[in-house]
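The values are calculated or read from the model by the stated rules, or taken from the named source; none is laboratory data. No experiment lies behind these values; they were computed from the predicted model shown. Here the Cβ positions follow ideal geometry from the backbone for every residue, glycine too, while neighbour counts run over all protein chains shown.
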Amino acid sequence: MTDPLFNPIQINQLNISNRIYMPAMHLGMAQAFEVTDQIVEFYTRRAKGGPGMICVGYATVDDLSGNSRNIGAHDDRFIPGLTRLADAIRENGSCCAVQINHAGRYNFSFLINGKQPVAPSAIASRMTRETPKALEISEIQQIIESFANAAARVKKAGFDAVEILSGTGYLISEFLSPLTNQRTDEYGGHLENRMRFGLEVAQAVRDAVGPDYPLIVRMNGNDFMPGGNKRSDLIEYAKQLSQGPVDALCINVGWHEARVPQIVAQVPRGAFGYLARDIRTAVDVPVIASHRINDPETASQMIDQGFCDMVAMGRSLIADPDLPKKARAGRSNEIVHCIACAQGCFDNLFKLKHVECLCNPLAGHEHRENAGQVETAKKVMVVGGGAAGMTAALTCTRRGHDVTLYERSGRLGGQLHLAAAPPGREEFARLSDDLETQLSVEKIPVVLNCKVDEALISREKPDALILATGARPLEPPIPGMDLPHVAWAWDVLEDKVRTGKHVAIIGGGAVGVETALFLAEKGTMPAQIIKFLLVNKAETPETLFEMATTGSKKVCLIEMTDCIGKDIGKSTKWGMIQDLGRFNVETVTAAKVVRITETGLQIEQAGKINALDFDTVVVAAGSVSYNPLEPIAKKLGKDFRVVGDALNVGMAFDAVHGGYKAALSI
């Protein structure tokens, strides 16, 4: 039976070879709005992997619509760069489009030379903490014209289609939502008026590009903003677009301000496909589903079951550009999946850095790729089978070296398995599996249950050593650490120890938060039972929520500083902190544990000593590098590199990229 993912599809007059659509993502790679070599090479690599269509952007429509790290479409001087990008994508096998957008009140004044952002109404943004200027009618008309002019430039530059971003909390969705549109003229008030701006933009773009040029609108299926648009409002908007100038709809989800997780690992794969399905039943144009579709099986199933006509796979193609080719060839098991960690993509953008990827250290660096074949192959011994060691071994092998990987334990993956233990973090184990599969594909010898020592190194005589021996838990100098009710967080996460009903966790960093959520979920009702009770209306939704969030343990997280989760990435942190509250985890900050007692512990807070009773005390006070082989390597005069936590304790992103860079230096 034919895989529906690889059936062709037509949008207007454009024939697309398969149903994989790479959506526009801000990459932070433009310079002064110009397309750079970095952007061209990034998308060239994705096009070679075989998606049916790639949409780049977003691209700006005027000088208030974005910032200089966005691709520019608001002036004719950007057309040559756009043409170069279109040619690169098309010449390597994919159709190409540009998404045009205006950020509205989501723009930051410091990114637009101190100018005030604009919006339908002067309502402050929770994201920027700035109040925008309310647009005059004449300014609205000018922005509509700017969208049309930008679309005309996109067509002139040689792109196959144009997409309008009409969601996510940007300008068009600000007009559409009653939360941000309090106008009393023809652009505000009831839904018909609030839709007016978006519909006029779409019609102006259609008039600018002509009847045969594909026009796509990316819109929300649900804003997830209390007091904002209802889903029925957005379905009506979709109907109006599809009955007018628009050839296809790409269904987005949520605003940047929304308190519903949208992109992180705790979102189940394909979770928001129902929004595309509801709109697809109401319109007669192709519908593209998006968000957390990171494997071809999920994508094919969504198309086959009528949720959508195409699937948007964005970060999936950052993590593995060859995903389409592998899936088409029946090699889906070899895909390196996006694990929705956001460490290299969204978190980088918050730091004003360009997009990278935890799973793919080459992403964002294609323009200076230097992982070619070496002139002289060396025998390389990699010690440690965590993320850093596996990445180093793969990179060395692909460059032509003779590599053997040694791991002290009985399995590969290291701390990826710890990261995968808390609820909603299971994707980290997926990365471990994917890297292990890559080792097998590359036929790299792996020796498990092997403690590397001086004798082994001397016997094997490697030309180079990569030491990826990881880290060990930090033991804080607290009296009572030897008491029987004290446990290590790592052992708790691996289910090696039992914990009591009332548990204290010392340390509010990433491991402490993960351990708290892991324990807080113990005794909550499993999803399958919740669904059974819901379908049979056995309990009220409120009772089901309580059953899903109330476990059998009382957990208290104690942090010495005034901040919980300071070492968690920004994209992930807010959701995890939100879950601490939902799962009734007590948090105590600015508190120093001074002693562990037989009945619990003592803390010092605001100069006072308080005794607290707990059945179990879990230590999550951080980690320290474990690097016993460096002195031996020096003694033997070996060429060596130390990578990952063995060098500096960091995040999984640091481990992967450190292993990759070390391998390039051999």
Qualifying residue in the stretch 140-152 (condition: among the β-branched types (Val, Ile, Thr), touching a Gly at 6+ places or on another chain (Cβ under 7 Å) and either surrounded by 21 or more Cβ atoms within 10 Å (Cβ to Cβ) or in contact (Cβ under 8 Å) with a residue 12 or more places away in the chain (or both)): no
Where the second residue is crowded, with 19+ Cβ neighbours inside 10 Å and basic (Lys, Arg) and the first is without any contact (Cβ under 8 Å) to a residue 24 or more places away in the chain and lies in the stretch 235-253, which pairs have Cβ atoms under 8 Å and are six or more apart or on separate chains? none
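Residue-wise test of (1) in contact (Cβ under 8 Å) with a residue 60 or more places away in the chain; (2) in a strand (DSSP E or B); (3) touching a Leu at 6+ places or on another chain (Cβ under 6 Å).
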{"position": "525", "(1), (2), (3)": "no, no, no"}
{"position": "529", "(1), (2), (3)": "no, no, no"}
{"position": "556", "(1), (2), (3)": "no, yes, no"}
{"position": "560", "(1), (2), (3)": "no, no, no"}
{"position": "581", "(1), (2), (3)": "no, no, no"}
{"position": "584", "(1), (2), (3)": "yes, no, no"}
{"position": "587", "(1), (2), (3)": "yes, yes, yes"}
{"position": "604", "(1), (2), (3)": "no, yes, no"}
With the first residue restricted to the stretch 103-121 and required to be without any contact (Cβ under 8 Å) to a residue 12 or more places away in the chain, and the second required to be surrounded by fewer than 23 Cβ atoms within 10 Å (Cβ to Cβ), Cβ contacts under 6 Å at 6 or more apart or on different chains are none
Go through the stretch 562-576 and give me each residue that's at pLDDT below 95 and of a type outside the set (Lys, Arg). 562, 563, 565, 567, 568, 569, 571, 572, 574, 575, 576
Can you spot a residue in the stretch 223-246 that is among the hydrophobic types (A, V, I, L, M, F, W, C), touching a Cys at 6+ places or on another chain (Cβ under 7 Å), crowded, with 21+ Cβ neighbours inside 10 Å and not assigned by TED's automatic domain parsing to the domain that holds residue 570? no
Of the listed residues (374, 441, 355), the one being aliphatic (A, V, I, L, M) and more than 20 Å from residue 336 (Cα to Cα) is 374
Within the stretch 321-339, does at least one residue satisfy the condition of being out of contact with any helix residue (DSSP H, G or I) (no Cβ under 7 Å at 6 or more places or on another chain) and under 26 Å from residue 111 (Cβ atoms)? no
Take the residues in the stretch 267-285 that are more than 22 Å from residue 296 (Cβ to Cβ) and not hydroxyl-bearing (Ser, Thr, Tyr); name whichever of them is surrounded by the most Cβ atoms within 10 Å (Cβ to Cβ). 279
State the number of residues belonging to the stretch 383-429 that are buried (at least 21 other Cβ atoms within 10 Å of the Cβ), basic (Lys, Arg) and out of contact with any helix residue (DSSP H, G or I) (no Cβ under 8 Å at 6 or more places or on another chain). 0
Tell me which residues, restricted to the stretch 534-552, are β-branched (Val, Ile, Thr), free of Cβ contacts under 8 Å to residues at least 12 places away in the same chain and closer than 22 Å to residue 520 by Cβ. 543
Within the stretch 51-58, can one find any residue that is among the hydroxyl-bearing types (Ser, Thr, Tyr), at pLDDT 95 or above and touching a strand residue (DSSP E or B) at 6+ places or on another chain (Cβ under 7 Å)? yes
Please work out which one of (1) without any contact (Cβ under 8 Å) to a residue 12 or more places away in the chain; (2) farther than 28 Å from residue 2 by Cα; (3) of a type in the set (S, T, N, Q) is the condition residue 262 fails and give its number. (1)
Restricting the stretch 66-87 to residues that are of a type in the set (A, V, I, L, M) and crowded, with 20+ Cβ neighbours inside 10 Å, the one farthest from residue 37 (Cα to Cα) turns out to be 73
Name the residues in the stretch 601-619 that are over 39 Å from the mean Cα position of the chain (by Cα) and within 18 Å of residue 475 (Cα to Cα), would you? 602
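A quick yes/no check of all residues on (1) over 20 Å from residue 645 (Cβ atoms); (2) of a type outside the set (Gly, Ala, Ser); (3) at pLDDT 95 or above; (4) over 27 Å from the mean Cα position of the chain (by Cα):
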| site | (1), (2), (3), (4) |
| --- | --- |
| 455 | yes, no, yes, yes |
| 467 | no, yes, yes, yes |
| 485 | yes, yes, yes, yes |
| 490 | no, yes, yes, no |
| 507 | no, no, yes, no |
| 513 | no, yes, yes, no |
| 516 | yes, no, yes, no |
| 522 | yes, yes, yes, no |
Subset of the stretch 163-199 (residues that are of a type outside the set (Val, Ile, Thr), within 22 Å of residue 24 (Cβ to Cβ) and part of a helix (DSSP H, G or I)): 171, 173, 174, 175, 176, 197, 198, 199
State yes or no: is residue 101 modelled with pLDDT of 95 or more, touching a strand residue (DSSP E or B) at 6+ places or on another chain (Cβ under 7 Å) and in the same structural domain as residue 56 (by TED's automatic domain parsing)? yes
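A quick yes/no check of all residues on (1) more than 18 Å from residue 432 (Cα to Cα); (2) over 21 Å from the mean Cα position of the chain (by Cα); (3) outside the structural domain of residue 417 (by TED's automatic domain parsing):
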{"site": "296", "(1), (2), (3)": "yes, no, yes"}
{"site": "311", "(1), (2), (3)": "yes, no, yes"}
{"site": "314", "(1), (2), (3)": "yes, no, yes"}
{"site": "327", "(1), (2), (3)": "yes, yes, yes"}
{"site": "347", "(1), (2), (3)": "yes, no, yes"}
{"site": "360", "(1), (2), (3)": "no, no, yes"}
{"site": "364", "(1), (2), (3)": "yes, no, yes"}
{"site": "367", "(1), (2), (3)": "yes, yes, yes"}
{"site": "381", "(1), (2), (3)": "yes, yes, no"}
Which of the residues that make up the stretch 318-334 are among the basic types (Lys, Arg) and part of a helix (DSSP H, G or I)? 325, 326, 328
Qualifying residue in the stretch 145-154 (condition: in a loop (DSSP other than H, G, I, E, B), more than 24 Å from residue 274 (Cα to Cα) and among the hydroxyl-bearing types (Ser, Thr, Tyr)): no
